[in-house]
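Right, one structure below, let's go through it.
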Amino acid sequence: MGFPREIQCDQGTSFTSALTTEFLERFGILVRHSSVYHPQSNPVERFHRTLKRLLRVLCLDAGSEWDKHISSILLALRTVSHESTGLVYGKNLQAPETLVMEHWMEPEEEGDLVTEYMLKLINRFKRCQEVAINKMEEMQAKRKTWYDKNAVKREFKDGDLVLVLATSRANKSAVQ
């Protein structure tokens, strides 16, 4: 337990207030702010949207027992490996299957309740992870289709005049 060495946050007033700034400085916490109007640099909002969609699917599938599956959904979302590296947060994940396999290597009595529970848990995790992966792939395809439909390729040469849109001001009283 303790404080993180570093946090990443958006430019919200709750993260830039004098109180928060003082707290972070006193505890030596480095703050990295996301770029303004660039949600790709801080994907928490996307995570929350995906989580809400998965919870909706879970409520439809599991009915009144949806709350028993929340930890499985969170694990599924947190353990989806990066497509190009196959890693989760830059590390090899020791998933429940690995733990069960190690458990099976030792002789056990038949009908072991722990093994049975772990197998059910693994199945639940896999189901939630599949839903998470399917939803992510579905959304990526939709975003790509939308982007490709509206994208216009522009080529500029040295010396071309361009208009730059300033989307934010250094402070609220700055002239636009």
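Summary of values
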| item | result |
| --- | --- |
| Residues within the range 110-159 that are among the acidic types (Asp, Glu) and under 19 Å from Arg49 (Cα atoms), tallied | 3 |
| Number of positions in the range 53-77 that are polar (S, T, N, Q) and surrounded by 14 or more Cβ atoms within 10 Å (Cβ to Cβ) | 1 |
| Pair list, Cβ < 6 Å and 6+ apart or interchain, from the range 59-73 residues that are under 17 Å from Ile122 (Cα atoms) and among the polar types (S, T, N, Q) to residues that are modelled with pLDDT under 85 and part of a helix (DSSP H, G or I) | Ser72/Arg124; Ser72/Phe125; Ser72/Cys128 |
| Meets criteria (of a type in the set (A, V, I, L, M), within 15 Å of the chain's Cα centre (by Cα) and either modelled with pLDDT of 80 or more or in a strand (DSSP E or B) (or both)) for Leu54 | yes |
| Every residue from the range 24-49 that is under 30 Å from Leu165 (Cβ atoms) and at pLDDT 75 or above | Val31, Arg32, His33, Ser34, Ser35, Phe47, His48, Arg49 |
| Flag for Asp112 being modelled with pLDDT of 80 or more, of a type outside the set (Phe, Trp, Tyr) and either surrounded by 14 or more Cβ atoms within 10 Å (Cβ to Cβ) or more than 16 Å from the chain's Cα centre (by Cα) (or both) | no |
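A quick yes/no check of all residues on (1) modelled with pLDDT of 70 or more; (2) of a type in the set (Ser, Thr, Tyr); (3) in a helix (DSSP H, G or I); (4) out of contact with any helix residue (DSSP H, G or I) (no Cβ under 8 Å at 6 or more places or on another chain):
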| site | (1), (2), (3), (4) |
| --- | --- |
| Asp61 | yes, no, yes, yes |
| His69 | yes, no, yes, no |
| Ile73 | yes, no, yes, no |
| Leu77 | yes, no, yes, no |
| Glu83 | no, no, no, yes |
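The values are calculated or read from the model by the stated rules, or taken from the named source; none is laboratory data. Since the structure is predicted, the reported quantities are computational estimates derived from the model, not experimental observations. Note that we place each Cβ from the backbone using ideal geometry, even for glycine, and neighbour counts take in every protein chain shown.
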